[in-house]
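Have a look at the structure below, then the notes.
The values are calculated or read from the model by the stated rules, or taken from the named source; none is laboratory data. The structure presented is a predicted model; accordingly, all values stated were derived computationally and were not measured. Here the Cβ positions follow ideal geometry from the backbone for every residue, glycine too, while neighbour counts run over all protein chains shown. These accessible areas exclude ligands, DNA and RNA; they are computed on the full protein's heavy atoms, side chains included. Shrake-Rupley method; radii C 1.70, N 1.55, O 1.52, S 1.80 Å.
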Amino acid sequence: MKYRVGIIGCGNIAQVHARILMDMPDIEIVGCADIKKNKARDMAAMTGARAYSSAESLFNAEMPDAVHICTPHATHVPLCEAAAERRVAVFCEKPPAVTEKQWERLKAAAQLIPIGICFQNRFNPNVVRAHEILDSGKMGGLLGVRAFMTWKRDEWYYTNNWHGKWKTEGGGCLINQAIHTLDLLIGFLGKPDTVEGSMFNHHLQGKIEVEDTVEIFLKSGEKRGLLYGSCAYVYDEPVLLELRCEKGTLTIRDDLLIVNSGSESETIRCPMDPALGASYWGGGHKKCITDFYRALDEKRPCRNNPDSCADTVNAMLGLYARCRAAGMV
């Protein structure tokens with residue numbers, strides 16, 4: 001089926017979406033909307049679409065089959081609701097919501113339209129291979145997972161009008177950067193029955209309202225997970241995940257999966273799709289977006305639907321609520 005598609009929000013991540021959509025034979029990008037008209041015009045020129053200064057004008061003029069929402073965090077749910085009113089399918093950048101009330105509203109919208117959420121790293125070949133090895137039983141049962149994300153976000157990153165603010169970004173390191181690592185960790189660990197943690201602003205005190213560092217402890221039954229995420233480092237390092245099993249460990253880093261079983265070690269190179277944005281974002285965007293449209297064709301939920309993302313979103317939002325109530329940030 002041919003899909004007429006709009007892109008709402010024409011910043012950096014929208015460039016990745018646009019390049020993927022332009023290479024898909026069954027997609028026609030018909031409109032690009034941004035409140036900054038020059039950004040909409042630039043993307044329209046790149047894609048051959050028409051430029052709009054608001055989502056509403058794009059909806060009304062083009063009546064698209066689907067839209068990609070690539071706007072600041074707090075606007076994701078209102079835009080999903082606007083699409084739902086018009087029965088337009090949505091592929092939404094992370095995070096799907098910034099508050100628990102918003103999350104409930106998004107789930108209600110998902111009863112009316114297909115919604116896909118951009119947790120692209122689920123599609124990374126080393127992540128897929130690690131799941132296959134765990135499922136095979138070769139490594140015995142999973143005991144725990146630890147994860148490290150250390151990136152660089154200095155003051156310049158927060159000079160726009162929405163990053164670094166509770167009202168518009170909904171948080172800092174966790175909701176914007178470490179959310180992908182949390183999603184992978186929970187994907188391996190399973191639905192957590194315990195989520196505890198702490199948040200800090202180490203290097204941008206007085207500059208931003210939100211956290212630049214988070215540590216999280218999770219339990220799922222007897223399995224335990226640890227996550228350390230920080231944007232206070234000097235470089236955007238590759239994320240590291242280590243899965244401790246009864247018969248050894250699986251380590252995921254870059255495009256590698258390292259399998260240590262007893263005295264034997266095997267390094268499996270898992271070639272990634274080319275990263276269309278920053279390399280540390282991963283290269284799974286194409287597979288994630290392709291799955292969304294294949295699901296529309298097949299009239300089934302896509303892999304990254306709200307139900308499949310609920311454990312991650314609930315853990316994130318619950319931790320924010322507890323840390324803010326405790327005055328940590």
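Looking at Cys323, Cys309, just one residue is closer than 30 Å to Glu28 by Cα, in a helix (DSSP H, G or I) and modelled with pLDDT of 95 or more, and that residue is Cys309.
Within the stretch 53-61, is there a residue that is in a helix (DSSP H, G or I), of a type in the set (Asp, Glu) and out of contact with any Pro (no Cβ under 7 Å at 6 or more places or on another chain)? Yes; the residues of the stretch 53-61 include at least one that is in a helix (DSSP H, G or I), of a type in the set (Asp, Glu) and out of contact with any Pro (no Cβ under 7 Å at 6 or more places or on another chain).
Residues in the stretch 286-295 that are touching a residue at least 40 places away in the same chain (Cβ under 8 Å) and under 21 Å from Pro64 (Cα atoms): Lys286, Cys288, Ile289, Thr290, Asp291, Phe292, Tyr293, Ala295. Does the stretch 11-37 hold any residues that are in a helix (DSSP H, G or I), closer than 20 Å to Asn160 by Cα and open to solvent by 80 Å² or more (accessible area, probe 1.4 Å), and which are they? Those that are in a helix (DSSP H, G or I), closer than 20 Å to Asn160 by Cα and open to solvent by 80 Å² or more (accessible area, probe 1.4 Å): Asn12, Lys37.
Comparison of Val234, Val259 shows that the only residue that is in contact with a strand residue (DSSP E or B) (Cβ under 8 Å, 6 or more places away or on another chain), of a type outside the set (Ser, Thr, Tyr), modelled with pLDDT of 95 or more and closer than 30 Å to Asn201 by Cα is Val234.
Within the stretch 48-59, can you find the residues that are of a type in the set (Ser, Thr, Tyr) and crowded, with 22+ Cβ neighbours inside 10 Å? Across the stretch 48-59, the qualifying residue is only Tyr52. Within the stretch 298-325, the set of residues being among the hydrophobic types (A, V, I, L, M, F, W, C), open to solvent by less than 70 Å² (accessible area, probe 1.4 Å) and out of contact with any strand residue (DSSP E or B) (no Cβ under 7 Å at 6 or more places or on another chain) comprises Ala310, Val313, Met316, Leu317, Ala321.
Restricting the first member to the stretch 60-85 and to residues that are in contact (Cβ under 8 Å) with a residue 40 or more places away in the chain and within 15 Å of Ile13 (Cβ to Cβ), and the second to residues that are open to solvent by 30 Å² or more (accessible area, probe 1.4 Å) and among the aromatic types (Phe, Trp, Tyr), the beta-carbon pairs closer than 6 Å and six or more apart or on different chains are Pro72/Trp162. Inspection of the stretch 183-196 identifies at least one residue that is more than 22 Å from Leu134 (Cβ to Cβ) and at pLDDT 95 or above.
Condition check ((1) over 17 Å from Ala55 (Cα atoms); (2) touching a Gly at 6+ places or on another chain (Cβ under 9 Å)) across all residues:
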| residue | (1), (2) |
| --- | --- |
| Ala89 | no, yes |
| Gln102 | yes, yes |
| Arg105 | yes, no |
| Ala108 | yes, no |
| Phe119 | yes, yes |
